[in-house]
Amino acid sequence: MRTLHQTLGRYLIEAEIGRGAMGVVYRAYDPQIGRQVAIKTISLSGQEFADEAEYRSRFLREVRAAGRLSHPGVVTIYDAGEDPETQEPYLVMEFVAGEPLSRVLARNRKLSLPLALQYAQEIAEALDYAHTQGVVHRDIKPANILVTEDGHAKIADFGVAWLHQEITQVGEVVGSPAYMAPEQMSGKQGDARSDLFSLGVVLYSMITGFRPFQGNSAKTVVFKVMNIEPIPVTSFQSDVSPELDAIVSRAIAKDPDERYATGAALARAIQAFRNSDFLPSETAAFIARSAEKNASRATKKSKSNADRYKRYLLPAAISLIALAGLIFGWQMTRLSNVPLPAELIAELQLRRTRPQLATQMGAISKKAVVRKPRVRSKLLPTKSETLPQTTPESVKVQVEIQHHFNGAKASIWFDDKLVFDHNLRGADQRHPLLRAVEVNQVTNFQFAPGKHWLQVRVVSPANNYDQVETVEADLPPRSEHVLYVNCDKRKLQVSMQ
């Protein structure tokens with residue numbers, strides 16, 4: 001390991017800026033050119049002869065592959081050599097002031113949609129250039145993407161890149177399982193479409209904050225990549241246009257023939273989406289403006305009805321009451337010569353006028369009712385509201401979640417619609433290992449009866465837990481059920497009772 005002010009070849013070491021499985025990356029100064037560079041070393045100490053040969057082979061591939069590339073979206077290779085003291089190889093490359101995308105996502109979890117699309121388009125264009133030069137990266141992932149200080153993406157680390165001119169050992173599997181294409185996991189040689197699959201996974205992660213294929217072990221991840229279709233990005237962000245689902249789904253299609261054929265094709269699709277008139281912000285603004293107009297129109301109509309009641313109907317009602325009083329007085333005058341008790345006369349007159357007044361006032365009341373504007377209830381709840389009553393036939397479902405995490409997030413989809421997305425509270429002192437949690441006091445749901453699919457996902461980054469389970473439920477009308485979610489350490493358990 002090099003320290004400050006030591007030299008490597010003609011380069012002066014300034015600081016260590018990264019460390020990986022194959023070696024250390026330093027920031028250094030090239031006095032001959034007068035510029036800062038990054039030096040990647042390859043550690044061979046303690047390795048068996050066969051492993052050392054493999055490491056040297058990978059190093060030579062990186063030099064040959066990346067050395068021929070000159071593109072704004074690819075880290076430029078300047079030089080290569082061997083440490084005269086340790087005989088270990090090193091690679092001198094462009095120093096990029098910034099940080100890996102993996103660090104950005106670890107800090108922010110996900111990116112804004114415009115920024116995620118920008119990075120994805122820049123990477124797609126850089127990959128298209130590399131592919132036209134006969135170079136396939138084979139290990140596209142956030143750790144191998146650098147974000148510059150001026151906000152652009154560059155691809156680094158072609159250490160496992162495959163050249164069309166080289167013969168790769170049959171059955172060799174290289175790369176990171178969470179981002180690898182299915183054909184790479186099968187031991188086949190990856191091509192341009194394999195890189196685009198990995199980029200699709202990166203894009204999915206930047207938008208949603210989750211990888212599309214996650215698991216507690218490499219075996220689980222590989223199974224999901226090979227067999228499971230991921231949840232669409234619009235399930236995580238309802239304001240995202242469905243056109244983006246089509247782009248991401250095609251990029252991560254399991255069959256290479258169904259993916260974009262070139263990086264240029266993927267870049268064009270992303271650019272067209274960025275230029276479209278249906279971006280989420282514009283769509284949301286349009287919906288908000290429409291809602292405001294409808295609400296304003298309904299308020300004006302309600303106010304107009306109230307004004308009409310005050311101006312016309314109320315005076316008419318008063319006039320009718322006054323007329324009834326006159327009629328009553330006239331009738332009393334007619335009966336003034338008849339020797340009947342005053343109480344009996346009043347009761348008789350009241351009986352005569354009551355049906356007439358009731359009919360007249362009923363008509364007035366029907367016309368004078370002020371109807372409130374009808375607002376269509378939302379099917380899905382937010383964090384601060386519960387589901388509304390749908391129909392008398394609706395089904396009640398209560399969610400009970402048991403977990404052992406200090407912090408986690410639970411999401412529930414009802415027929416592919418996200419209906420529950422909340423942070424789980426940490427365990428208290430009385431129940432340190434297992435407890436039932438009411439998330440934001442929202443535990444009761446109401447759904448339409450019938451057969452439905454309920455999918456539950458619980459994610460706890462601190463505890464390295466990410467599990468998804470699906471249950472089919474037949475919900476009879478007016479029935480009540482409990483959805484039990486047990487975050488077992490080995491497997492998420494979901495049941496409907």
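Values quoted throughout were computed directly from the atomic coordinates according to the rules given, and no laboratory measurement underlies them. Note that the coordinates shown come from a computational prediction; the quantities given were computed from them, not determined experimentally. Here Cβ is always computed from backbone atoms with ideal geometry, including for glycine, and neighbour counts include all displayed protein chains.
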Q: Compute the length gained on full extension between A53 and D239: take 0.36 nm times their separation in residues and subtract their Cα-Cα distance, giving the result in nm to one decimal.
A: 61.8 nm
Q.
What FRET efficiency comes out for Q446 versus N216 if R0 is 41 angstrom and r is the Cβ-Cβ distance? Round to the nearest 0.05.
A. 0.75
Q: Multiply the residue gap between K417 and R19 by 0.36 nm, knock off their C-alpha separation, and tell me the result in nm, one decimal place.
A: 139.1 nm
Q.
Can you sort D150, D83 from fewest to most other Cβ atoms within 10 Å of each residue's own Cβ?
A. D150, D83
(Q) Between T7 and D150, what's the calculated FRET efficiency when r is the beta-carbon distance and R0 is 22 Å? Round to 0.05. (A) 0.10
(Q) Suppose the chain between N464 and E480 were pulled fully straight at 0.36 nm per residue; how much longer would it get relative to their current alpha carbon spacing? (A) 2.4 nm
Q) Taking a ≥ b ≥ c as the square roots of the eigenvalues of the Cα gyration tensor of segment 115-154, is the shape rounded (a/c under 1.5), prolate (a/b larger than b/c) or oblate? A) prolate
Q. Can you work out the FRET efficiency for the pair T132 and E400, with r the C-beta to C-beta distance and R0 = 60 Å, to the nearest 0.05?
A. 0.60
Q. What ranking do 200-206, 102-108, 452-458 get when scored by the average of other Cβ atoms within 10 Å per residue, highest first?
A. 200-206, 452-458, 102-108
Q. Once you put a point 7 Å from the Cα of E472 and another 7 Å from the Cα of I33, both along the Cβ direction, what distance in nm separates them?
A. 6.2 nm
Q.
Using 32 Å as the Cα-Cα cut-off, could you pick out the over-long pairs in K409/K451; K254/K396; K188/K417?
A. K254/K396; K188/K417
Q | Inter-label distance for S70 and A97, nm, one decimal - labels placed 7 Å from Cα along Cα-to-Cβ | A | 2.4 nm
Q: Sort R61, R268 so the one with the fewest other Cβ atoms within 10 Å of its own Cβ comes first.
A: R268, R61
Q. Separation between the A264 and S495 pseudo-spin-labels, each 7 Å from Cα along Cα→Cβ, expressed in nm?
A. 5.8 nm
